[in-house]
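Novice: Would you mind keeping the following structure in view while I ask a few things?
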Amino acid sequence: MKIMLVDDSRTIRNIQKNVLARLGHTDILEAGDGLEALQLLQKDQPDLILIDWNMPNMDGITLVREIRSNNTDLPLIMCTTEAEKSRVLEALKAGVNNYIVKPFSTETLADKIQQTMEKMQAKAAANAPS
């Protein structure tokens, strides 16, 4: 599975890459902000994107809305320090499939990825012609 990490902190991206590697995911794309992520999406199609909220140039919530304007099927997980309920609800309304508050454990990330991918597979199966 190809995963894109969108976070302005190289250190956070490296931590996420290490966690993902422990989970068996090594095909990783990286972007430092939402604009860079959109440019990468024009060239490559990941199977999942982990998105930080607070970034320069284009924040994560704007990126989610941009992606959702053309692609409702790409799994998106918001990975952020924003823990307020109103922020979680805003992200869900914008179109994220799941939400993780930093810092998170390897197990939490594994669970959120599994939940997200299972939900997306169920949605695809429900929408498939019979």
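Novice: What number of residues within the stretch 19-34 satisfy the criterion of being small (G, A, S) and either under 21 Å from D111 (Cα atoms) or in a helix (DSSP H, G or I) (or both)?
Specialist: Final tally of qualifying residues: 3.
Novice: Does the stretch 33-40 include one or more residues that are modelled with pLDDT under 95, over 26 Å from N127 (Cβ atoms) and either exposed (fewer than 13 other Cβ atoms within 10 Å of the Cβ) or basic (K, R) (or both)?
Specialist: Among the residues of the stretch 33-40, not one is modelled with pLDDT under 95, over 26 Å from N127 (Cβ atoms) and either exposed (fewer than 13 other Cβ atoms within 10 Å of the Cβ) or basic (K, R) (or both), which makes the answer no.
Novice: Just give me the residues in the stretch 106-130 being at pLDDT 90 or above, loosely packed, with under 14 Cβ neighbours inside 10 Å and either acidic (D, E) or assigned to a loop (DSSP other than H, G, I, E, B) (or both), in sequence order.
Specialist: E107, E118 - these are the residues of the stretch 106-130 that are at pLDDT 90 or above, loosely packed, with under 14 Cβ neighbours inside 10 Å and either acidic (D, E) or assigned to a loop (DSSP other than H, G, I, E, B) (or both).
Novice: Looking at T80, is it within 17 Å of I51 (Cα to Cα), touching a residue at least 12 places away in the same chain (Cβ under 8 Å), surrounded by 13 or more Cβ atoms within 10 Å (Cβ to Cβ) and of a type in the set (S, T, N, Q)?
Specialist: Yes; evaluated as a whole, the condition is true for this residue.
Every residue, every condition in (1) within 16 Å of L5 (Cα to Cα); (2) touching a helix residue (DSSP H, G or I) at 6+ places or on another chain (Cβ under 8 Å), yes or no:
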{"position": "K43", "(1), (2)": "yes, no"}
{"position": "N97", "(1), (2)": "yes, yes"}
{"position": "D111", "(1), (2)": "no, no"}
{"position": "N127", "(1), (2)": "no, no"}
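A quick yes/no check of all residues on (1) in a loop (DSSP other than H, G, I, E, B); (2) surrounded by fewer than 13 Cβ atoms within 10 Å (Cβ to Cβ):
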position	(1), (2)
D8	yes, no
N14	no, no
K17	no, no
Q42	no, yes
L50	no, no
M58	yes, no
T62	no, no
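The values are calculated or read from the model by the stated rules, or taken from the named source; none is laboratory data. From a predicted model like this one, the values you see are computed outputs, not experimental measurements. Cβ sites come from the backbone with ideal geometry, for glycine too, and all protein chains shown count toward neighbours.
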